[in-house]
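Below: one structure, written as structure tokens.
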Amino acid sequence: MAMQMVQIQADTWTSADIGSVVAAITAIVSILIVASYSLVLIAEQYFLYMLYFDCLNHRHFGSIRQQFWAFAHFPFHVALVLSLTGLAQFAKWYKVVQVFA
């Protein structure tokens, strides 16, 4: 008895093929979004730093103490803003959990 070979056309897409393509595209897009978001955050911090320190008169700082205070001041404010933003997001999340839980 001779075996019959079943031929599948080369231009047909199975559900497994479509799922693999969609999963690959989703993975690539998510990686690109995370990478671009990280670059945006780094650029934002850099531009805020430049806006803060670019207008300073460089002859104004006399002692090391004044220089240290000026350079420690900006990261303190960035940390303050980021922590308050996180606290606000946590408060919103907590309220959503209370309403929908």
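Some notes on this structure:
- Screening the range 3-50 for residues that are more than 30 Å from His73 (Cα to Cα) and of a type in the set (Asp, Glu) and picking the one that is modelled with the lowest pLDDT gives Asp11.
- Selected residue (criterion: modelled with the lowest pLDDT) from residues of the range 51-76 that are exposed (fewer than 11 other Cβ atoms within 10 Å of the Cβ) and aliphatic (A, V, I, L, M): Leu56
The values are calculated or read from the model by the stated rules, or taken from the named source; none is laboratory data. All figures in this text were calculated on a predicted structure; none of them were measured in a lab. Neighbour counts are summed over all protein chains in view; Cβ atoms, including those assigned to glycine, are modelled from backbone coordinates with ideal geometry.
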